[in-house]
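Shown next, in structure tokens, is the structure this report addresses.
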Amino acid sequence: MDGTSDANGGHRFLHRRSAHGGAAKPDGVNARPEWAPPILRGDRLEAGLRTLELEVRRRLDGLLQGNHLGLVPGPGSEPGEARPYQPGDDVRRMDWAVTARTTVPHIRETVADRELETWVVADLSASLDFGTAFCEKRDLVVCAVAAIAHLTGGGGNRLGALVSTGATTRRLPPMGGLQHARGLVRKIAETPRAEEGTRGDLAEAIEQLRRPPRRRGLAVVISDFLGGMEWQRPLRALSARHELVAIEVLDPRDVDLPDVGTVVLADPETGKQREVHASALLRKEFGAAARAHREEVAAGLRRAGAGHLVLRTDSDWIADMVRFVVARKRGWSGGGRA
């Protein structure tokens, strides 16, 4: 398994070539579905960004009925009405005055802040410059930011971002308005790729968002969460002050090694390569290591109190996001996390 895992057990499979040196053909390249993210590179960037904005508006407005606060449950904001307690409700929201007066347990609903400040940590390290299905993982990062901008826009809300490639970290200050949101998505899409051999540092990017302390709001971390788990500590610290959403971006080859004979496995964050034969045993071990790491990531995000959304390069990413937001809204209406 050398060349497929780093020293911390973080599974990575980021490139494959045939034994004859030709680039392997991405899965599904001949059957690009309508829901696939637009191409956001080169001379197709402008058209791709316009298509992305239209698609996000069309599908999120239609399926979410224009409710842009679907990601925001409202803790720390204005109190709303009281309602009877239901199993699974957050006991921290108990309204003891109403409970004592009625002798029936009640919780206090909350109304989301009218002026929300959202910060996005966009991981664009070298492991995101990879995709074998209908797009690269970095394309999904841009798409996710566009959707977050749409879901949290309006009403004086502000959106800012930290964009990290491992080599550089760029801070885009929070501002409101459609033009700012468009410009922020564009800047993330135009971020130069990190050179091969450049290690990403998600933990440092999260730490830079946490310090100095900012007003309470929504923090969204978008990454493939490959490699070590050092991000857990700063993420838990971040969740102490902000509502937290983690978006995990995956490619099928991050979790499954296909039966393709001899391949070269390469890790662009270390530059290491290893030629291996994709035997049944190797594929089984590869899948087991990948599943174990995904479970470890999910557990780490749960411990941090983050809502966890998985987007894949071979799946309808907007539909996946809609399901997540709808479930999150239902969870908060019932008092639990999605």
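Given R0 = 51 Å, the distance between the Cβ atoms of Q86 and E230 translates into a calculated FRET efficiency of 0.85. Put simply, when 129-137, 144-152, 318-326, 226-234 are sorted by average Cβ atoms within 10 angstrom per residue, most first, you get 144-152, 129-137, 226-234, 318-326.
For region 137-179, the solvent-accessible area of protein heavy atoms averages 33 Å² per residue (probe radius 1.4 Å; ligands and nucleic acids excluded). Computed extension gain for L178 through W96, at 0.36 nm per residue and net of the alpha carbon distance, reaches 25.3 nm. How many percent of the accessible area of region 181-235 is carbon or sulfur, using a 1.4 Å probe? Within region 181-235, the accessible surface is 44 percent carbon and sulfur. Remark: the K284-T103 segment gains 59.4 nm on full extension, using 0.36 nm per residue and subtracting the alpha carbon distance. The mean sequence distance of close C-alpha pairs (under 8 Å, at least 6 residues apart), as a share of the length of region 156-230, puts its relative contact order at 29 percent.
Between the amide H of D201 and those of G166, distances stay under 5 Å, these residues lying 5 or more places away or on another chain, with hydrogens modeled in the peptide plane. Fully extending the segment from A167 to A298, taken as 0.36 nm per residue of separation minus the present Cα-Cα distance, adds 44.5 nm.
Put a dot 7 Å past the Cα of A31, heading toward its Cβ, do the same for R58, and the two dots end up 2.2 nm apart. When the trypsin sites (Lys or Arg not before Pro) in region 160-225 are filtered for DSSP coil states and for at most 13 other beta-carbon atoms within 10 Å of their beta-carbon, the remaining sites are R215.
Note on K272 and R216: their simple-model spin labels are 4.4 nm apart, each label 7 Å out from Cα toward Cβ.
The values are calculated or read from the model by the stated rules, or taken from the named source; none is laboratory data. Because the structure is a prediction, the values reported are computed rather than measured. Virtual Cβ from ideal backbone geometry, glycine too; neighbours counted across all protein chains shown. To get the accessible areas, we keep the full protein, side chains included, count just its heavy atoms, and leave off ligands, DNA and RNA. Shrake-Rupley method; radii C 1.70, N 1.55, O 1.52, S 1.80 Å.
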